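Notes follow the structure.
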Amino acid sequence: MNIYDIIEKKKQSLELNKEEIEYFINGYTNGTIPDYQISALLMAIYFRGLNIEETYYLTNAMINSGDTIDLSPIDGIKVDKHSTGGVGDTTSLILGPLVASCGVPFAKMSGRGLGHTGGTLDKLESIPGMSIDLSIEKFINNTNKIKMAICGQTSDITPADKKLYALRDTTATVDNVSLISSSIMSKKIAVGADCLVLDVKVGSGAFMKNVEDARELSKMMVDLGEKFNRKTVAVITNMDEPLGLAVGNSLEVIEAIDTLKGRGPKDLEDLCLSLGAKLLVLANKCNDEKSARILLEENIKNGLAFEKFREFIEMQGGDVSYVDDTSKFKLSSRKREVFSEKSGYVTKIDALEIGEISKNLGAGRETKESEIDLGAGIVLNKKIDDYVEAGDPLATIYTERKEQIDKAVAGIKEAYKLGEKNSKAYKIIIEEIQKC
Ligand code: URA
Ligand code: CA
């Protein structure tokens with residue numbers, strides 16, 4: 001077998017077999033096949049595509065390129081969640097305690113933010129003392145004790161994906177359904193949960209710009225999940241505006257706490273309840289989503305979900321006085337309100353634009369090595385379908401970067417699209433995809 005023939009085969013749109021796929025993944029991971037040949041192969045894959053069998057073999061080869069985590073020492077049916085990267089997406093911090101408060105173990109390995117999207121680990125680190133570097137043993141023990149843990153990846157999970165993703169990033173081959181599916185699902189399957197809910201974002205600020213592409217990606221990932229015996233469902237969700245009101249690390253932790261206390265933004269709460277209901281059904285905790293949702297709403301009202309969050313923060317060393325009194329979070333010192341120049345109904349808030357502005361204010365990373373300002377970000381005052389009068393505050397920005405303020409103010413005004421009232425009410429969940 002040689003790589004030239006594999007490239008040639010895919011160039012001619014022929015199907016690659018398991019051995020060929022394993023050959024190029026192993027060769028690339030161990031450095032015997034160079035970047036330029038894999039680049040050519042990626043471009044051939046980009047144009048010719050991979051079918052579900054080939055995508056399955058690719059996912060499997062990537063899983064086998066590194067360590068896998070065995071979560072079987074955790075009692076019960078373990079659930080996990082993945083989002084394809086939104087703006088202001090605080091969901092994991094709410095969803096985890098919600099389902100854990102119902103007795104369903106939520107064991108999640110999260111990532112850091114990059115570019116215009118934030119990461120759960122950074123958000124958690126805005127609570128002083130919070131440790132996200134757990135050993136696998138501690139990760140498992142914590143989940144057994146309190147039904148939830150969130151940590152960074154400790155061991156060497158899917159090294160093939162790390163290399164391949166970096167190469168795709170520089171060769172314009174990221175946005176291919178098979179390549180995205182295998183990349184996401186290899187990581188999720190390697191870390192071991194039994195059930196998975198996927199939040200596939202669509203709109204500006206998301207990988208998938210339209211519902212058709214998001215549907216194709218969702219179906220492929222659900223198919224892969226099933227092939228690996230993981231119960232998987234996907235929801236396609238709207239990113240025509242950032243999720244909730246807060247964008248930024250400390251700001252989003254405060255928002256998560258508010259939501260767990262039943263006073264969060266409607267869209268964020270609705271999404272968390274919907275995803276949570278799916279997880280409770282997948283984990284056989286409830287028979288249907290309706291009863292699951294009622295249980296979750298109950299646990300917000302009676303304080304159990306908030307208590308679980310508090311317990312989780314304490315368990316991982318975080319200072320719970322911040323959870324009890326969110327005014328303790330230190331936000332960036334420069335605060336500026338942004339006022340609308342026009343009147344009208346909000347029809348869209350460009351999420352990509354808001355994510356970029358938040359990053360420039362210090363809340364996000366340009367590169368993996370950038371330092372972030374945990375107190376920086378944006379709080380929106382108006383959401384889609386709200387009426388805005390000229391002179392009304394649209395948003396508040398927080399930053400230490402004085403030189404970024406004017407640009408951010410102008411950018412936020414630009415990101416808000418005003419028009420006639422939207423006749424169709426904005427829906428956060430557009431569609432659900434599961435195995436029939
Ligand atoms: N996220 C991933 O982890 N991989 C992709 O290919 C795209 C998004
Ligand atoms: Ca938010």
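The values are calculated or read from the model by the stated rules, or taken from the named source; none is laboratory data. Everything numeric here is computed off the predicted structure, so don't read it as measured data. Here the Cβ is made from the backbone with ideal geometry for all residues, glycine too, and neighbour counts use every protein chain on show.
Structure data summary
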read-out	value
Selection within segment 372-422 - without any contact (Cβ under 8 Å) to a residue 12 or more places away in the chain and among the small types (Gly, Ala, Ser)	Ala410
Segment 345-389 - residue that is crowded, with 19+ Cβ neighbours inside 10 Å and acidic (Asp, Glu) and, of those, farthest from the chain's Cα centre (by Cα)	Asp373
Qualifying position, being among the basic types (Lys, Arg) and touching a residue at least 24 places away in the same chain (Cβ under 8 Å), among Lys163, Lys209	Lys163
Odd one out for Ser327 among (1) farther than 23 Å from Gly115 by Cα; (2) not in a helix (DSSP H, G or I)	(2)
Selected residue (criterion: farthest from ligand 1 (Cβ to nearest atom)) from residues of segment 159-172 that are over 18 Å from the mean Cα position of the chain (by Cα) and buried (at least 21 other Cβ atoms within 10 Å of the Cβ)	Ala160
Contacts under 6 angstrom Cβ, first residue in segment 268-285 being over 18 Å from Ser83 (Cα atoms) and in a helix (DSSP H, G or I), partner within 16 Å of ligand 1 (Cβ to nearest atom) and among the aliphatic types (A, V, I, L, M), 6 or more apart	none
Selection count, segment 93-112, where residues are crowded, with 23+ Cβ neighbours inside 10 Å and within 15 Å of ligand 1 (Cβ to nearest atom)	1
Residues being free of Cβ contacts under 8 Å to residues at least 24 places away in the same chain and within 28 Å of Lys219 (Cα to Cα) - total across segment 27-59	1
Residue match in segment 222-243 (condition: within 20 Å of Gly113 (Cα to Cα), within 16 Å of ligand 2 (Cβ to nearest atom), assigned by TED's automatic domain parsing to the domain that holds Thr90 and assigned to a helix (DSSP H, G or I))	no
Matching residues in segment 159-207 - criterion: being in contact with a strand residue (DSSP E or B) (Cβ under 7 Å, 6 or more places away or on another chain), among the hydrophobic types (A, V, I, L, M, F, W, C) and assigned to a loop (DSSP other than H, G, I, E, B)	Val191, Ala193
Some residue of segment 292-308 being free of Cβ contacts under 8 Å to residues at least 12 places away in the same chain, more than 14 Å from Val104 (Cα to Cα), part of a helix (DSSP H, G or I) and over 22 Å from the mean Cα position of the chain (by Cα)	yes
Counted residues, segment 148-157 - those being out of contact with any Ser or Thr (no Cβ under 8 Å at 6 or more places or on another chain) and of a type outside the set (Ser, Thr, Tyr)	3
Selection count where residues are away from ligand 2 (no atom under 16 Å from the Cβ) and within 30 Å of Asp213 (Cβ to Cβ), scope segment 111-131	5
Single unsatisfied condition, Leu273 versus (1) under 15 Å from the mean Cα position of the chain (by Cα); (2) more than 14 Å from ligand 2 (Cβ to nearest atom)	(1)
Any chance Tyr426 is outside any loop (DSSP other than H, G, I, E, B) and outside the structural domain of Lys266 (by TED's automatic domain parsing)	no
Qualifying positions in segment 5-23 - more than 15 Å from Thr55 (Cβ to Cβ) and under 32 Å from the mean Cα position of the chain (by Cα)	Tyr23
Test result for Asp258, acidic (Asp, Glu), more than 16 Å from ligand 1 (Cβ to nearest atom) and farther than 21 Å from Ile378 by Cβ	no
Checklist (1) in contact (Cβ under 8 Å) with a residue 60 or more places away in the chain; (2) crowded, with 20+ Cβ neighbours inside 10 Å; (3) not charged (D, E, K, R) applied to Phe24, failing item	(1)
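Conditions tested, residue by residue: (1) within 16 Å of ligand 1 (Cβ to nearest atom); (2) without any contact (Cβ under 8 Å) to a residue 60 or more places away in the chain.
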{"site": "Asn141", "(1), (2)": "no, yes"}
{"site": "Met148", "(1), (2)": "no, no"}
{"site": "Leu179", "(1), (2)": "yes, no"}
{"site": "Met185", "(1), (2)": "yes, no"}
{"site": "Leu196", "(1), (2)": "yes, no"}
{"site": "Gly205", "(1), (2)": "yes, no"}
{"site": "Val235", "(1), (2)": "no, no"}
{"site": "Asn238", "(1), (2)": "no, no"}
{"site": "Pro242", "(1), (2)": "no, no"}
